[in-house]
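Right, one structure below, let's go through it.
The values are calculated or read from the model by the stated rules, or taken from the named source; none is laboratory data. Bear in mind that the values here come from a model prediction, so they are computed numbers and not experimental data. Every residue, glycine as well, gets a Cβ built from its backbone with ideal geometry; the counts of neighbours run over all protein chains shown.
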Amino acid sequence: MNPAAHIAFRVAGAFVALGLGGALIAALVGLVLSNVGPAAGSTLSLCARDGVAPAGGTDYLAQNNVWNAETPQCITVGDQSLRIESAEHDVSPEGAPAATPSLVRGCHWHECTDVGGLPVQVSAMPRVTSDWVSSQVDAGVFNAAYVVWFHSGPVADGTPDGAEVVIWLRGVGGVRPGGVLLAREVPISDARWNVWLARDQGRVRITYERVGEATAVKDLDISAFTGDSVGRGLVSPDWYLIAVEAGFNLWRGGAGNAIENFSVSVDDRKPGR
């Protein structure tokens, strides 16, 4: 399973496997999201490889997401926050990461967190921004990045089939984006970015690698990165932005990395209307 591609609203998937109807699924998912997960100021631990839990209410989900290794990993989940407590991975940085612990807001597999304005068709996208504050270690092999998911329809049935836009903020241990370098030092959202293109499981992956590292961003303009990808012919205006994810791809180690706060904001109206 590709980590990033299966963001996991696996609770809903389990209900589908039991043969429950759509309305009942929605009711059950709402009940789960309302009653499971950390309350303000509290935390819970996830150690299951595919463990998922609400990250403070119903707006955000946390995923442990160990998908390319058998080594153990545990995270602590708080209110729009996440900390990697242990991660014993050691896979080659030349290949896929071992795990992608992250927070997500949006829709996957027919189920959504509570987020006004998402999914949204790219052609009608308003301004979408995000704040992210992290603390990161200097040992191991990992990156800190956003993944913005696009699908041909308003809710993905399984793996999103459009594109993944990766906004790469920092890499440790020599890891670099894969694919072909398309452009250097492109100015977007008050920083400069090297743009890479790769293809993975039928999707395009556009990586914006920040020139100069960052462990925190404020008002990062997701819609501006989307517009750049549309201008390059890599994201279709007919697709839908369905989810925004932020976290860490781990190849080696990673314990001690934390998301101290993560939020996504969607304006009510498309600019110019």
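Residues are listed down the side, and each one gets a yes or a no for (1) small (G, A, S); (2) more than 30 Å from D157 (Cβ to Cβ); (3) outside any loop (DSSP other than H, G, I, E, B):
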residue: R192; (1), (2), (3): no, yes, yes
residue: R205; (1), (2), (3): no, no, yes
residue: E213; (1), (2), (3): no, yes, no
residue: P237; (1), (2), (3): no, no, no
residue: G247; (1), (2), (3): yes, no, yes
residue: A255; (1), (2), (3): yes, yes, no
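Within the range 224-273, can you find the residues that are under 16 Å from the mean Cα position of the chain (by Cα), more than 21 Å from V66 (Cα to Cα) and surrounded by fewer than 20 Cβ atoms within 10 Å (Cβ to Cβ)?
Within the range 224-273, N261, S263, S265 meet the criteria.
Can you find even one residue in the range 201-219 that is modelled with pLDDT under 95, surrounded by 17 or more Cβ atoms within 10 Å (Cβ to Cβ) and basic (K, R)?
yes
Out of the range 96-142, which residues are of a type outside the set (S, T, N, Q), at pLDDT below 95 and not in a strand (DSSP E or B)?
Correct list: A96, W109, H110, D114, V115, G116, G117, L118, P119.
Going by the conditions given, is V204 touching a residue at least 24 places away in the same chain (Cβ under 8 Å), closer than 14 Å to F150 by Cβ and within 14 Å of the chain's Cα centre (by Cα)?
Values: touching a residue at least 24 places away in the same chain (Cβ under 8 Å): yes; closer than 14 Å to F150 by Cβ: yes; within 14 Å of the chain's Cα centre (by Cα): no.
Taking the combined requirement at face value, the residue does not satisfy it.
Quick test for you: out of S189, S263, S229, S236, pick the one residue that is hydroxyl-bearing (S, T, Y) and either free of Cβ contacts under 8 Å to residues at least 12 places away in the same chain or in contact with a helix residue (DSSP H, G or I) (Cβ under 6 Å, 6 or more places away or on another chain) (or both). Break it down into steps so the answer makes sense when it comes.
Details: S263 fails: either free of Cβ contacts under 8 Å to residues at least 12 places away in the same chain or in contact with a helix residue (DSSP H, G or I) (Cβ under 6 Å, 6 or more places away or on another chain) (or both); S229 fails: either free of Cβ contacts under 8 Å to residues at least 12 places away in the same chain or in contact with a helix residue (DSSP H, G or I) (Cβ under 6 Å, 6 or more places away or on another chain) (or both); S236 fails: either free of Cβ contacts under 8 Å to residues at least 12 places away in the same chain or in contact with a helix residue (DSSP H, G or I) (Cβ under 6 Å, 6 or more places away or on another chain) (or both).
Just one listed residue meets the conditions, S189.
One residue is enough: does the range 80-92 have a residue meeting the conditions modelled with pLDDT of 90 or more, closer than 22 Å to T207 by Cα and assigned to a loop (DSSP other than H, G, I, E, B)? It would help to see each step written out before you state the result.
Step one: filter the range 80-92 for residues modelled with pLDDT of 90 or more, giving 80-92.
Cutting the leftovers down to closer than 22 Å to T207 by Cα gives us 91-92.
Now restrict to residues that are assigned to a loop (DSSP other than H, G, I, E, B): 91-92.
The answer is yes, given that some residue of the range 80-92 is modelled with pLDDT of 90 or more, closer than 22 Å to T207 by Cα and assigned to a loop (DSSP other than H, G, I, E, B).
Tell me which of these T43 doesn't satisfy, since it passes every other one: (1) at pLDDT below 95; (2) closer than 30 Å to G227 by Cβ; (3) of a type in the set (V, I, T).
Among (1) at pLDDT below 95; (2) closer than 30 Å to G227 by Cβ; (3) of a type in the set (V, I, T), the lone unmet condition for T43 is (2).
(1) more than 14 Å from W132 (Cβ to Cβ); (2) touching a residue at least 24 places away in the same chain (Cβ under 8 Å); (3) not in a loop (DSSP other than H, G, I, E, B): which one isn't true of W196, the others all being true?
(2)
So if I check each of T71, T76, T58, which one is in a loop (DSSP other than H, G, I, E, B), at pLDDT 95 or above and of a type outside the set (D, E)?
Numbers: T76 fails: in a loop (DSSP other than H, G, I, E, B); T58 fails: at pLDDT 95 or above.
Only one candidate passes the filter, namely T71.
Say whether the condition of being in a strand (DSSP E or B) and under 22 Å from V122 (Cα atoms) is met by at least one residue in the range 170-179. Lay out the reasoning, then the answer.
Of all residues in the range 170-179, those in a strand (DSSP E or B) come to 170-172.
Going one step further and asking which of them are under 22 Å from V122 (Cα atoms), we end up with none.
Checking the range 170-179: not a single residue is in a strand (DSSP E or B) and under 22 Å from V122 (Cα atoms).
Restricting attention to the range 57-84, which residues are more than 12 Å from I259 (Cα to Cα) and surrounded by fewer than 22 Cβ atoms within 10 Å (Cβ to Cβ)?
Within the range 57-84, the subset more than 12 Å from I259 (Cα to Cα) is 57-61, 63-74.
Residues satisfying the conditions are G57, T58, D59, W67, N68, A69, E70, T71, P72, C74.
Do we have any residue at all in the range 86-103 that's under 21 Å from P177 (Cβ atoms), buried (at least 24 other Cβ atoms within 10 Å of the Cβ), of a type outside the set (K, R) and in contact with an Asp or Glu (Cβ under 7 Å, 6 or more places away or on another chain)?
Yes, the conditions are met somewhere in the range 86-103.
Looking only at the range 143-158, which residues are at pLDDT 90 or above and assigned to a loop (DSSP other than H, G, I, E, B)?
First pass over the range 143-158, keeping only residues at pLDDT 90 or above: 143-153.
Matches in the range 143-158: S152, G153.
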